[in-house]
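Below is one structure, written out as structure tokens; the observations come after it.
The values are calculated or read from the model by the stated rules, or taken from the named source; none is laboratory data. All figures in this text were calculated on a predicted structure; none of them were measured in a lab. Positions of Cβ are backbone-derived with ideal geometry, glycine not excepted, and every protein chain shown enters the neighbour counts. The protein model used for the area step is the full one, side chains on, heavy atoms only, and it has no ligands, DNA or RNA in it. Shrake-Rupley method; radii C 1.70, N 1.55, O 1.52, S 1.80 Å.
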Amino acid sequence: MFDYHMHSKYSIDGYEEIDILCKESIKKGLKEIAITDHYDLYQDQNREDNVDFKSLYKDILEARKKYKDKLKIKYGVEIGQSHFNSTLANNLIATQPFDFIIGSVHNLNDNFDVGLCNYNKISIEDIYSDYVNTLIEMAKTSDFDSMGHITYPVRYAFAQTKKYPDWTPFKDQIECLYKELIKQDKGIEINCSGCSKVLQRTMPDLDLVMFYKECGGKILTVGCDSHSKEYVGAGVNKALQIAKQAGFNEITTYTQRKPKFIKIY
Ligand SMILES: [Zn+2]
Ligand SMILES: [Zn+2]
């Protein structure tokens, strides 16, 4: 039981103390977690998420000591749009002892926030091509281990329209993305945040996880993307089931950015 994507009070949209996240993880039977607070970068070169990484890491070290025999706690980060400001992204990576880095896209060009879009006016099909292109650009130029929630716009689109898109028209682009990630030994995440919400699916869902396997993908991480304690670990079982259905026998964990493959049953 692993959860490699969760946010604490150090994220702009998170609430929980590190200690609470650890207690909750143990309660839910998790064996290993990665705390992955947000660090988003924007095309406005002077903007960045202001995170107190020093206090965050101190809290993680304390939790590691306290829960030594019960829970493995990895120091992670979710970097959004690293390619919008590579200098800040690379500087952060060089100065923090991260175990694991998620590379995510939340904003497109001109800082267009995919989560704040009115999907009754703009369809997900209208923006998904741009979204995948942004993922490809980030994959080509940025340093991270696993790509977060590659179907992210659907989290918001489905909540508004209750329509789930057909990804078939995007398969060629998604194949380009997968090939780029595979070439660079980067993975993708099965993000379970939708499982306990209205979406009721993982991001990506089974079809695109299967397609990743067909393309030769090997590195798969699993994360619930919780911003409050009740969602810690929620949907992990579903994600593992999807990984197995797609033909994966292993998922990946990280220590000091080195992958380790763990058998799943
Ligand atoms: Zn995210
Ligand atoms: Zn997240």
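What the table below lists for this structure:
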read-out: Boolean, residue 252 is more than 22 Å from residue 99 (Cα to Cα) and either in contact (Cβ under 8 Å) with a residue 24 or more places away in the chain or of a type outside the set (A, V, I, L, M, F, W, C) (or both); value: no
read-out: Tally of residues being β-branched (Val, Ile, Thr) and either surrounded by fewer than 21 Cβ atoms within 10 Å (Cβ to Cβ) or in contact with a His (Cβ under 7 Å, 6 or more places away or on another chain) (or both) across segment 61-107; value: 4
read-out: Filter result for residue 239 (under 14 Å from the mean Cα position of the chain (by Cα), closer than 17 Å to residue 1 by Cβ and outside any strand (DSSP E or B)); value: yes
read-out: Flag if residue 105 is among the hydrophobic types (A, V, I, L, M, F, W, C), under 29 Å from residue 52 (Cβ atoms) and touching a Gly at 6+ places or on another chain (Cβ under 7 Å); value: yes
read-out: Among the residues listed as 74, 54, the single one being farther than 19 Å from residue 144 by Cβ and of a type outside the set (A, V, I, L, M); value: 54
read-out: Residue count, segment 175-232 (criterion: of a type in the set (Lys, Arg), without any contact (Cβ under 8 Å) to a residue 60 or more places away in the chain and closer than 18 Å to residue 249 by Cα); value: 2
read-out: Segment 1-49, residues that are under 17 Å from residue 82 (Cβ atoms), touching a residue at least 40 places away in the same chain (Cβ under 8 Å) and either in a strand (DSSP E or B) or within 16 Å of ligand 2 (Cβ to nearest atom) (or both); value: 5, 11, 36, 37, 38, 39, 40, 41, 48
read-out: Residue that is farthest from residue 186 (Cα to Cα), among those in segment 98-116 that are within 13 Å of ligand 1 (Cβ to nearest atom) and either within 11 Å of the chain's Cα centre (by Cα) or assigned to a loop (DSSP other than H, G, I, E, B) (or both); value: 106
read-out: Every residue from segment 151-179 that is within 14 Å of residue 105 (Cβ to Cβ) and of a type outside the set (A, V, I, L, M, F, W, C); value: 151, 152, 153, 155, 156, 173
read-out: Residues of segment 1-31 satisfying the condition of being closer than 17 Å to residue 221 by Cα, open to solvent by 70 Å² or more (accessible area, probe 1.4 Å) and within 16 Å of ligand 1 (Cβ to nearest atom); value: none
read-out: Hey, residue 144 within 16 Å of ligand 1 (Cβ to nearest atom), among the hydrophobic types (A, V, I, L, M, F, W, C) and either in contact (Cβ under 8 Å) with a residue 24 or more places away in the chain or farther than 20 Å from residue 14 by Cα (or both) or not; value: yes
